[in-house]
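First comes the structure, then the notes that go with it.
Quick note: the coordinates plus some simple rules give every number you see, no bench work behind them. Predicted, not measured: the structure shown is a model, and the values here were computed from it. All Cβ positions, glycine included, derive from the backbone under ideal geometry; neighbour counts span all protein chains shown.
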Amino acid sequence: MSNSVTIMIDGKKVEARAGETILKAAERAGIYIPRLCAYKDLIPHGSCRVCSCRVNGRIQAACVQTVAEGMIVENETEEILAFRRSIVDMLFVEGNHFCMFCEKSGLCELQAMAYRLGIAAPQHPYLEPERAIDLSHPDVYLDHIATFLGVESPR
Ligand code: FES
């Protein structure tokens, strides 16, 4: 059994390692697929969907979808770019993200992704959820997980 498979990404032939994700195969081939939740030190979990590509006709998250022989991946199509813009747009409006008032402006991956995708302003209305702020951890500032899970933030 071969340890490599051949896939096509935007019409380019890519040699991939059996069992690796589309995202990893693309990286090794010098093809950029946008991502937000895929980090080298985290287990891939496919939560943000920004890496979505059309794979053999279906939308799939490239960070968790493993390669298969003959796979056809569409990454840079107008349809996929619009899909990613919509996802990033929804992340902005559901999370109280206002770049011009945010102290992280200029050091924010969500903001950078919005610029990369050409989002000047969200297309959806802001949801403005009220969320408790959890400052109990010295390194992490949580403003939504506890509320989302329906538990009280520690004081
Ligand atoms: Fe977030 Fe793939 S990078 S789902």
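Taking each residue of the stretch 76-92 that is β-branched (Val, Ile, Thr) and looking for partners that are surrounded by fewer than 17 Cβ atoms within 10 Å (Cβ to Cβ) and assigned to a loop (DSSP other than H, G, I, E, B) with beta-carbon atoms closer than 8 Å, six or more apart or interchain, yields Thr77/Asp10.
The criterion of being touching a Leu at 6+ places or on another chain (Cβ under 9 Å) and among the small types (Gly, Ala, Ser) does not hold for Ser52.
When you look at Val73, is it on the phi < 0 side of the Ramachandran plot and buried (at least 21 other Cβ atoms within 10 Å of the Cβ), yes or no? Here the answer is yes, as Val73 does meet what is asked. What pairs come out if I take residues in the stretch 97-118 that are surrounded by 13 or more Cβ atoms within 10 Å (Cβ to Cβ) and pair them with residues that are of a type in the set (Ser, Thr, Tyr) and assigned to a loop (DSSP other than H, G, I, E, B) whose C-beta lies under 6 Å away, six or more apart or interchain? Pairs that qualify, where the first residue is surrounded by 13 or more Cβ atoms within 10 Å (Cβ to Cβ) and the partner is of a type in the set (Ser, Thr, Tyr) and assigned to a loop (DSSP other than H, G, I, E, B), are Cys99/Ser105.
Reported count of residues in the stretch 15-36, each being in contact (Cβ under 8 Å) with a residue 12 or more places away in the chain, within 12 Å of the ligand (Cβ to nearest atom) and of a type in the set (D, E, K, R), is 1.
Which of the residues belonging to the stretch 37-87 are among the charged types (D, E, K, R), more than 12 Å from the ligand (Cβ to nearest atom) and not in a loop (DSSP other than H, G, I, E, B)? Passing the criteria: Arg54, Arg58, Glu74, Glu78, Glu79, Arg85.
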